[in-house]
Every structure is written in structure tokens, then in C-alpha cells.
Amino acid sequence: MSSQMKFFCSTRLSLLLALCWASHAGAAGEPLVAPNPSTPASLVAAAPEAAATPRQRPKICLVLSGGGARGAAHTGVLRVLEDLRVPIDCIAGTSMGALVGGAYATGMSVDEMDAVNAGITVEKLFKEKAPRKELTMRRKNDDFYNFVGPEIGVGAEEAVATKGFVSGVQLETVLRQLTKVRGYRDFDHLPIPFRAVATDLVSGKPVVFSEGDIANVMRASMAVPGAVAPAEIGGLLLVDGMLTSNLPVDAARAMGADVVIAVNVGTPLLKREQLNGVLGVANQMLSILTEQNVQASLASLRPGDVLISPDLGDFSTADFDHLSQISPKGEIAARLVAQQLSRYSVSPEEYAALRQRQQATVRADLRPVDEVRFVSLKRVNPESAASLMETKANTPINQEVLDADMRRLYGSGDFEHVNYRMLSEKNKRILAIEALEKSWGPNYLRFGLGMSSDFGSESQASLFATYRRTWINSLGAEWRTDLRFGYNHSLSSEFYQPLDARQDWFVAPNLSIGRSTVSVYAGDARQSIYNLVSSQVGLDLGRHFYQYGEFRLGAQRGRVSAKLDTGDGIGVPRSAQVATGGLNARLQLDRLDSVLFPRSGWLAGLNVFRSMKALGAEDAFTKWDASVAGAYTFGDNTLNLALVGAGPMGHGLLPAQSLVQWGGFLQQSGYAQGQLLGQRLEFARLMYYRRVAPGQLLEGAYGGLSLELGRVTQPLLWLNSEAWRKSVAVYVGLDTFVGPLYLGAGRAADGASSFYLVLGSVLTPGR
């Protein structure tokens with residue numbers, strides 16, 4: 001198992017232990033009937049009546065257990081049942097069994113399920129951040145900070161973390177692809193009557209669903225505590241049904257089953273030699289508790305029932321990247337009991353008629369809605385939330401667009417879960433958006449770290465924290481403060497105030513103070529190190545271009561002081577103090593899919609600062625800097641082209657505190673970080689990188705090559721060269737749970753070379 005999935009599973013197990021008592025008690029308790037979440041029967045979407053069970057044969061119900069990825073074996077069993085013409089009159093499932101059973105119950109064929117399984121991965125199920133291209137610029141900018149660990153809610157009395165490793169928004173999107181029926185349904189009116197089992201996190205009892213939005217119910221049934229946030233349906237807080245009824249034979253009997261075909265794909269207990277370490281013991285405890293309710297279900301099987309137990313070897317519950325390899329294991333196991341199953345075979349004509357009825361197309365209701373309504377919002381302005389959606393009233397429903405709307409709403413950072421359902425009210429068709437605001441909000445704290453070293457003269461490490469107060473008023477004001485300490489220290493704070501509910505225009509007063517170091521090189525030798533202390537206040541007026549970027553125009557005043565720390569300072573003053581002030585215009589456009597390892601899209605930025613004595617500056621000048629980058633991918637291969645430039649506008653020169661500093665890994669590789677210091681920068685870089693190991697919850701591992709051409713003209717020290725510099729770099733990059741980690745080596749044409757170790761984003765220029 002990969003390191004990412006080990007972390008995933010350990011997270012799941014650590015939090016599941018707290019629920020062990022509920023699992024044990026719930027197995028013995030009576031199941032709860034899933035409540036109807038305030039939806040009258042008249043609003044249940046119509047569906048064709050399920051095929052009636054002929055009286056001359058027994059009613060056969062298929063029971064599918066939970067087992068995570070091992071549940072893909074259920075599709076192999078279904079294929080054999082079809083080959084043997086064994087009729088299925090009802091289905092009950094838990095967790096992954098609810099997913100497979102629900103898909104089949106809505107009319108999806110085994111071939112269609114196998115096709116979907118072939119495309120399912122851990123990343124597709126659980127990597128649920130909204131596509132980056134759809135995020136607001138403020139949330140996109142967060143990607144350039146190497147945050148580590150979860151977002152922490154900061155309340156008046158305590159700090160609270162998230163309820164699950166993922167929220168389940170992306171999981172629900174995949175589940176909707178596995179169902180041919182949309183909307184709120186009575187499960188007895190599906191093509192095949194269906195039941196799904198979840199666990200009530202409060203009472204510890206099983207909850208059997210006989211109606212609801214089938215994708216929501218599936219998600220509740222497979223919400224592994226600690227890994228996937230609990231689902232909330234009808235006032236109940238719901239988690240994975242495996243805790244209380246992993247093989248729901250009782251649910252099948254309650255549906256009137258005369259014969260039960262039970263498929264058990266649960267994880268077997270570990271052997272003694274495998275019980276090494278805390279993780280092994282914790283896993284065994286969970287398996288024991290789950291196995292207890294499974295054994296109770298097996299004991300309830302009657303003569304004539306059929307048990308199928310696929311041999312799944314070393315496939316684990318987390319092997320979602322190998323579903324197509326697991327499915328045939330179920331087929332093998334079912335054929336081993338083919339003689340028992342064949343007792344219930346029907347004639348080809350009867351079976352064909354039954355399957356034709358069970359696979360009758362249930363058309364999705366894509367009629368336009370009369371209203372899009374957000375329910376239960378307390379902080380977020382509904383008008384602001386609605387502006388994030390492409391689905392509007394009086395337009396036909398497009399399922400893919402609606403699913404993207406849900407991901408985009410979740411990606412706003414304001415909600416812990418987003419869902420929807422259709423309502424009818426006074427002859428109006430209403431799309432009700434159930435956006436659950438973060439219970440740990442609206443104030444958040446995050447921590448991060450960064451590190452870079454050239455194994456020589458320049459090494460840097462820093463820790464940082466970001467504190468955000470959100471929805472301070474109805475327009476969505478946000479107060480953000482960033483603190484960084486380590487090699488460089490800084491404190492910055494900004495109050496971001498939108499001027500309308502759509503948040504198109506905003507004002508942003510801001511301030512910052514900081515201490516940093518600047519190295520001055522004479523050739524390849526570091527001559528001196530200066531300490532810079534700066535402070536600044538400003539006010540920006542901006543325009544937000546939702547999916548593309550933002551423009552800011554602002555005024556600022558401040559002060560910069562420099563003092564020699566190390567070295568002789570020849571050719572440079574030993575200390576200086578300068579007042580600053582001016583107008584700044586900044587345009588940022590960002591359509592990259594990722595800042596860690598970009599594979600598609602583009603990024604561009606332009607900044608122009610006009611230093612003005614009228615605003616307190618000691619020097620009058622104009623400085624510009626610009627960057628643009630784009631990525632194109634073919635297969636696992638990516639080309640990334642970047643151009644960067646900076647310098648004074650007009651015939652004047654930049655003062656010392658505003659010089660361009662360049663050099664380091666992928667910024668003229670081979671040279672030390674910040675080694676090149678002067679008036680103007682011209683730089684071009686062409687990178688090729690290839691994904692050498694696929695990612696699951698993370699982006700995987702890459703190997704790359706960078707070709708670089710650049711120069712810094714009018715250097716601070718006259719003896720430094722103004723010539724064009726050619727560099728090449730090779731590197732490997734790995735996305736880890738503490739951020740992207742790069743190890744590289746660079747060499748310049750003039751012989752300068754260096755090794756680099758960097759933690760944090762480096763593949764996007766100008767940041």
C-alpha cells in the first residue's frame with residue numbers, strides 16, 4: 001500500500017476506535033428507520049413500478065457487504081447471476097455493497113459498472129478540491145503557501161478541526177455517475193427494490209434507508225469515520241454501515257426475501273505475525289467488531305440461502321486503483337457455487353422479460369427549475385453563493401454543470417458539505433441547495449513551512465501561520481493576517497471588503513512589516529550580507545474577475561532601512577534608510593490547474609509601481625515586472641514555458657532598495673539563490689517533466705529537465721557580468737503530505753553549479 005493510503009487508513013482507524021462501543025451496541029440493537037427529511041410523499045419523484053415477483057417462484061434478494069475497494073468483486077458476482085439467469089427481486093447493501101447494489105437497482109448493467117470501475121481511482125473518489133481553474137483568486141493564491149495539516153476553526157472557547165479527511169463532495173459526484181435515477185425516490189419504486197444501511201453516529205444503531213436521494217444515501221452508507229465526513233440526512237449524523245450491519249441480511253428479510261444470496265467481501269482478521277505495531281492492533285480491533293455483526297448475519301442464513309465469499313488475497317479496502325482487477329475475483333467465487341445458484345434459474349424468456357423491465361430507462365428530470373434556493377444559511381450571503389453557480393432558475397438542468405456547481409461552492413472554502421435536492425412547492429419546482437456552513441468557522445487558522453537550500457552559501461527555512469476572519473459582514477468581508485518567522489520575518493494584514501454581494505469590486509486596506517536579508521555577490525563569491533527592515537501601509541481598490549484573476553490599483557507609503565550585517569560592503573553603503581511611497585497597479589491572471597506540477601493552463605502577472613515624492617518617497621522612479629507561463633501535457637509528459645522580465649520604465653534607474661534579484665533553482669540554475677542583482681531582468685525557461693509515479697490523494701512524483709536563458713543587466717557591482725547566461729537543471733519532485741519536495745542539480749555554461757533541496761512550490765515564476 002502506498003504511503004498516502006497508509007496515512008488515509010491510519011486516519012480512518014484512529015477515529016474509528018472511538019466508535020467501537022457504538023459498533024458493538026448497534027449490532028445488537030434494533031435498526032432505525034431512516035427518516036424522511038421533511039419531504040412529503042407527494043414530492044417523491046415518480047419511477048416505473050418494480051417488476052412484480054411471479055408467485056410460482058421464491059422472492060430472491062441479493063445482499064452485498066461492505067469492504068471498501070474489495071466490494072468491486074460484487075460486479076463479478078452479478079455477471080455470473082446474469083449468466084445463470086438467476087432473478088434478483090430486491091437488493092440490500094452496506095458501504096461499497098450499497099454503491100454496487102444501488103447502481104444495479106437503478107438499471108445500470110454490469111458492463112456499464114465495469115466501465116465506470118475502470119475509471120475510478122482513489123484520486124477520483126477522494127481528492128475533492130474544486131478544479132483550481134474555478135476558484136476565486138483569493139483561494140488560488142492560497143496554493144502558493146505551503147500549508148501543512150488541516151484548517152483549524154478558531155472559536156471563542158476552543159479550536160476545532162474538520163470532521164473528516166475529505167468532505168464527500170467529490171465522492172457524491174462519482175456516485176451520481178453510478179445511478180440512472182435522479183432525485184428523491186421511494187426505493188421500492190426503483191427498477192429493483194433497494195435498501196442501504198448506514199450507522200447513526202449518535203445512537204450507534206444501524207439505519208436502513210428505504211427512500212431518499214440515492215447518491216446521498218450511498219455516500220452516507222460508505223462514510224468511513226475520520227476518512228469521510230459524516231453525512232447528515234433527516235437530522236441524523238450518519239457514518240459507514242459496516243460498523244453495525246456489514247452484511248444486511250435482516251434488511252433483506254424485511255423486504256420479504258424467501259431466498260438470500262449473500263456476498264461477503266469483508267476484510268479477514270490478521271494473523272498473529274501481522275499484529276505488529278499500533279496500526280496492526282487497531283486494525284484488528286476494528287475487524288473483530290465488524291466481524292461480530294457479520295457472523296450474526298451469517299448465523300441467520302437459512303437452508304436454501306447461498307453464501308458467496310470471494311478469495312480477494314492481498315487486496316485491501318483502500319485498493320480503489322485496482323477495481324478492474326478485483327471484479328473477476330467475485331466471478332470466480334460465484335462460479336464455485338454455480339450448482340446452488342442454478343436451482344433458482346428461470347427460463348431464458350422469463351429472465352429476458354424481467355431484465356428488460358429492470359433496465360427500462362428512467363429519464364432524468366431535467367426540466368427548468370422555478371427557483372434556486374439556499375437553505376439554512378446563517379453567515380454566507382445567498383446572493384454571493386448563487387453567483388458561484390452556473391445553474392440558474394428557468395433554465396434546463398444539466399447534471400454535469402450542477403455537479404461542477406457543487407464542487408465550486410465547496411471550493412469557496414465556506415462549507416463543510418454541499419448537496420442539493422428537488423422540491424415541489426405550490427406548483428413550483430425548486431432546486432434546494434443544502435450548503436452546510438463549516439461548523440468550525442467562520443474564523444480559521446492554518447500553519448505551513450518552507451525550506452530551500454543550495455547546499456552552499458544560501459539556506460533558508462521558515463514557519464508561517466495564516467489567520468482568517470470571514471463573513472464579518474453580509475458582503476463577505478475578510479480580515480487576513482499572515483505571520484512568518486525563520487530566515488526572514490514578516491507580519492502582514494489586509495481587510496478585504498467587497499462592495500457588492502457578487503464581490504466583483506472590493507477595497508482592501510493593508511499593512512506589512514518585515515525583516516529580510518540580501519546577499520551581495522562579487523562574481524561567485526558572496527561579498528556581504530545586508531539586513532533589510534521594511535514597513536508599509538496601503539489602500540487598494542480592485543476588480544475581481546471570478547475564474548480568471550483580479551486587478552488592483554493602490555496607494556502605499558512606507559520605509560526601508562538597510563544595514564550591513566556581514567562582509568566589507570565595498571561599493572555599497574554600509575547603512576541607509578529610505579522613505580517610500582507611490583501608486584501600484586497589479587494585474588493577476590491565473591488559469592493553471594495546479595501550482596505544484598502544472599499540467600495545463602496558464603498564468604500571467606503584471607505589476608507597475610510608480611514611486612512618487614508627492615506620496616512621501618525620497619526617489620521618483622517607475623518599476624515594472626511581468627511573468628507569464630503555460631503548461632501543455634501529452635500523456636504523462638508536460639512542457640512548461642515561462643518568461644519573466646523586470647526593470648525600470650523610462651531612462652531612470654532603480655534605487656538600491658528596488659533592484660531586481662534573481663538566481664537559484666529554476667531561476668538561473670547553477671547560481672546561488674539571489675546571486676544576480678541589478679537593474680533589469682530578462683529570463684526564459686523551457687521545462688519538460690514526466691510523471692514517473694501516479695498520485696492518489698496527492699499529485700505523484702515527477703522527473704524533469706529545465707533549459708534556462710537569462711541575464712541581469714546593470715548589476716549593482718560593476719565587475720559582475722551582464723552577459724546572457726545559459727543554465728540547465730535536472731530534478732525530481734514529489735508531492736508529500738508536508739508539501740511539494742524537489743531535489744535538483746543545476747549547472748551554468750560558465751561552470752557555476754549547485755545542488756538544491758526545496759520544500760514548497762517552485763514551478764510557477766514570479767511568485
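Within segment 599-620, the set of residues being open to solvent by 60 Å² or more (accessible area, probe 1.4 Å), within 25 Å of Arg559 (Cα to Cα) and not in a helix (DSSP H, G or I) comprises Leu606, Arg610, Glu618, Ala620. Considering only segment 293-330, state which residues are open to solvent by 70 Å² or more (accessible area, probe 1.4 Å) and in a helix (DSSP H, G or I). Answer for segment 293-330, where residues must be open to solvent by 70 Å² or more (accessible area, probe 1.4 Å) and in a helix (DSSP H, G or I): Gln295, Ala299, Ser324, Gln325, Lys329.
Residues in segment 348-366 that are in contact (Cβ under 8 Å) with a residue 40 or more places away in the chain and assigned to a helix (DSSP H, G or I): Pro348, Glu350, Tyr351, Leu354, Arg355, Arg357, Gln358.
Whether any residue in segment 574-591 is surrounded by fewer than 19 Cβ atoms within 10 Å (Cβ to Cβ), outside any strand (DSSP E or B) and free of Cβ contacts under 8 Å to residues at least 24 places away in the same chain is what I want to check. So far as segment 574-591 goes, yes, one or more of its residues are surrounded by fewer than 19 Cβ atoms within 10 Å (Cβ to Cβ), outside any strand (DSSP E or B) and free of Cβ contacts under 8 Å to residues at least 24 places away in the same chain. The set of residues in segment 486-525 that are of a type in the set (Asp, Glu) and modelled with pLDDT under 90 contains only Asp524. Cβ-Cβ contacts under 8 Å between residues 6 or more apart (or on different chains), taken from a first residue in segment 331-347 that is under 15 Å from Asn264 (Cβ atoms) and outside any helix (DSSP H, G or I) to a second residue that is of a type in the set (A, V, I, L, M, F, W, C) and open to solvent by less than 100 Å² (accessible area, probe 1.4 Å), are listed as Val337/Val306; Val337/Leu307; Val337/Ile308. Here Arg355 does not fit the description of being touching a strand residue (DSSP E or B) at 6+ places or on another chain (Cβ under 9 Å) and either modelled with pLDDT of 95 or more or of a type in the set (D, E, K, R) (or both). Ala50 meets each of the listed conditions (1) within 22 Å of Asp258 (Cα to Cα); (2) at pLDDT 55 or above; (3) not hydroxyl-bearing (Ser, Thr, Tyr) apart from (2). Would you confirm whether or not segment 540-553 contains a residue that is more than 26 Å from Arg139 (Cα to Cα) and free of Cβ contacts under 8 Å to residues at least 40 places away in the same chain? So far as segment 540-553 goes, no, none of its residues is more than 26 Å from Arg139 (Cα to Cα) and free of Cβ contacts under 8 Å to residues at least 40 places away in the same chain. Is it the case, given these coordinates, that Leu564 is assigned to a strand (DSSP E or B), touching a strand residue (DSSP E or B) at 6+ places or on another chain (Cβ under 7 Å) and over 17 Å from Lys133 (Cα atoms)? Spelling it out, Leu564 is indeed assigned to a strand (DSSP E or B), touching a strand residue (DSSP E or B) at 6+ places or on another chain (Cβ under 7 Å) and over 17 Å from Lys133 (Cα atoms). Among the residues of segment 361-382, the ones that are within 30 Å of Ile60 (Cα to Cα) and open to solvent by 40 Å² or more (accessible area, probe 1.4 Å) come to 3 in all.
Taken together, the criteria place Gly26 among residues that are in a helix (DSSP H, G or I), modelled with pLDDT under 55 and either more than 21 Å from Leu236 (Cβ to Cβ) or of a type outside the set (Phe, Trp, Tyr) (or both). Restricting attention to segment 634-657, the residues that are assigned to a strand (DSSP E or B) and open to solvent by 40 Å² or more (accessible area, probe 1.4 Å) add up to 4. Number of residues in segment 541-559 that are open to solvent by 30 Å² or more (accessible area, probe 1.4 Å) and of a type outside the set (Ser, Thr, Tyr): the value is 10.
The requirement of being closer than 30 Å to Leu377 by Cβ and surrounded by fewer than 18 Cβ atoms within 10 Å (Cβ to Cβ) is fulfilled nowhere in segment 519-535; no residue meets it. For segment 410-464, enumerate the residues that are under 20 Å from Glu400 (Cβ atoms) and of a type in the set (A, V, I, L, M). Scanning segment 410-464 gives Val418, Met422, Leu431, Ala432, Ile433, Ala435.
For every residue, the table says whether it meets (1) in contact (Cβ under 8 Å) with a residue 12 or more places away in the chain; (2) in a strand (DSSP E or B); (3) over 24 Å from Leu532 (Cβ atoms); (4) within 24 Å of the chain's Cα centre (by Cα).
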{"site": "Phe485", "(1), (2), (3), (4)": "yes, yes, no, no"}
{"site": "Ser490", "(1), (2), (3), (4)": "yes, yes, no, no"}
{"site": "Gln497", "(1), (2), (3), (4)": "yes, yes, yes, no"}
{"site": "Arg502", "(1), (2), (3), (4)": "yes, no, yes, no"}
{"site": "Val507", "(1), (2), (3), (4)": "yes, yes, yes, no"}
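The values are calculated or read from the model by the stated rules, or taken from the named source; none is laboratory data. All of these numbers come straight from a predicted model, not from anything done at the bench. So basically every Cβ, Gly included, is an ideal-geometry build from the backbone, and we count neighbours across all protein chains shown. For accessibility, only protein heavy atoms count, side chains too; no ligands or nucleic acids. Shrake-Rupley method; radii C 1.70, N 1.55, O 1.52, S 1.80 Å.
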